[in-house]
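The values are calculated or read from the model by the stated rules, or taken from the named source; none is laboratory data. The structure presented is a predicted model; accordingly, all values stated were derived computationally and were not measured. Reconstructed Cβ throughout: ideal geometry from the backbone, glycine too, with neighbour counts over all protein chains shown. What goes into the accessible areas is simple: the full protein's heavy atoms, side chains included, and nothing from ligands, DNA or RNA. Shrake-Rupley method; radii C 1.70, N 1.55, O 1.52, S 1.80 Å.
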Amino acid sequence: DSKSDDDIIPAIDKNTEAELPDQWDEKIDYKQPTLDLLIPPDDEEIKINENELKKNAALLKDKLALFDIQIDDITVTPGPVVTLYEIVPAPGVKISRIVSLEHDIALALAARGIRIIAPIPGKSAIGVEIPNAHSKIVRASSVLKKIRESKDELPLALGKTISGDVYITDLAKMPHMLIAGSTGSGKSVGINMILNSLIFAKHPSDVKFVIIDPKKIELSFYKKLNKHFLAVSPDLEEELITNPSNALLALKAVEYEMEKRYD
């Protein structure tokens with residue numbers, strides 16, 4: 001058509017160089033995902049077998065009594081996967097004695113493993129976390145429904161606490177994040193929840209992902225983010241980085257962007 005050059009180039013400075021458009025003002029035709037894409041949560045209320053709780057509390061008390069450790073009180077907080085038993089030891093009982101019995105208690109309860117919190121922060125009690133015989137599945141939908149209410153910069157819905165409350169934390173406040181664990185302990189689920197938390201909470205103009213997947217399988221379905229959330233380089237032949245040399249270039253580009261923002 002008959003548009004002049006002035007109409008096409010937004011602004012020209014004295015050095016006749018065109019100003020680059022601001023990448024943060026990109027216009028994306030984007031519809032935020034809805035929670036009905038996810039499996040709906042089961043019955044929200046945590047139902048633990050009452051007999052199991054009483055039996056574990058009695059076993060705990062008996063096992064400690066064998067080692068001459070008297071307990072004044074035990075309270076129970078059932079969670080979806082783990083139950084917390086709060087023990088108030090009798091006066092004069094050393095915390096270190098209870099902590100040293102961790103493996104003996106696990107053996108007495110025939111538990112997969114227990115965790116002792118000595119003492120529970122802000123309480124004059126010792127916590128013993130014991131896995132439930134039957135874990136309740138925590139659905140992503142029951143956790144992510146709270147994420148849009150969060151005021152965090154980069155909210156991550158990581159799951160539920162021992163008392164069944166949704167746990168949301170802010171990635172922006174973490175200097176680093178490392179996910180580690182044995183096979184089958186939930187590392188992949190954790191990574192997927194981190195990515196989905198940001199997808200459900202933020203607009204693509206707020207967040208971009210550089211995804212490096214050397215296994216080539218783990219994160220392959222996130223290729224579908226290439227039109228909005230995925231930061232893609234025109235210099236690399238792959239959008240989801242699987243090649244080690246491309247990973248180096250991508251990380252250098254991220255480092256350059258970071259330095260630019262610091263400046």
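Summary table below
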| item | result |
| --- | --- |
| Whichever residue in the range 100-116 is in contact with an Asp or Glu (Cβ under 9 Å, 6 or more places away or on another chain), closer than 21 Å to SER185 by Cα and among the aliphatic types (A, V, I, L, M) and, among such residues, is modelled with the lowest pLDDT | ILE114 |
| Of all residues making up the range 8-60, the number that are open to solvent by less than 100 Å² (accessible area, probe 1.4 Å), closer than 30 Å to LYS208 by Cβ and either part of a strand (DSSP E or B) or modelled with pLDDT under 80 (or both) | 10 |
| Among residues of the range 61-101, those that are in a helix (DSSP H, G or I), crowded, with 17+ Cβ neighbours inside 10 Å and under 32 Å from the mean Cα position of the chain (by Cα), counted | 1 |
| Candidate set from the range 143-189 (those that are open to solvent by 50 Å² or more (accessible area, probe 1.4 Å) and among the hydroxyl-bearing types (Ser, Thr, Tyr)); member that is nearest to PHE229 (Cα to Cα) | TYR167 |
| Candidate set: the range 190-215, residues that are over 18 Å from the mean Cα position of the chain (by Cα) and farther than 22 Å from LEU178 by Cβ; chosen: the one most open to solvent (accessible area, probe 1.4 Å) | ASP206 |
| Scope the range 102-147; condition closer than 25 Å to PHE67 by Cα, among the small types (Gly, Ala, Ser) and assigned to a helix (DSSP H, G or I); matching residues | ALA106, ALA108 |
| Residue selected from the range 117-141 under the condition over 24 Å from SER185 (Cα atoms) and in contact with a helix residue (DSSP H, G or I) (Cβ under 6 Å, 6 or more places away or on another chain), by the criterion surrounded by the most Cβ atoms within 10 Å (Cβ to Cβ) | ILE126 |
| Criterion (in a loop (DSSP other than H, G, I, E, B) and farther than 30 Å from VAL82 by Cα) met by exactly one of HIS176, HIS203 | HIS203 |
| Every pair of residues 6+ apart whose Cβ atoms lie under 9 Å, when the first sits in the range 246-263 and is among the aliphatic types (A, V, I, L, M) while the second is assigned to a helix (DSSP H, G or I) | none |
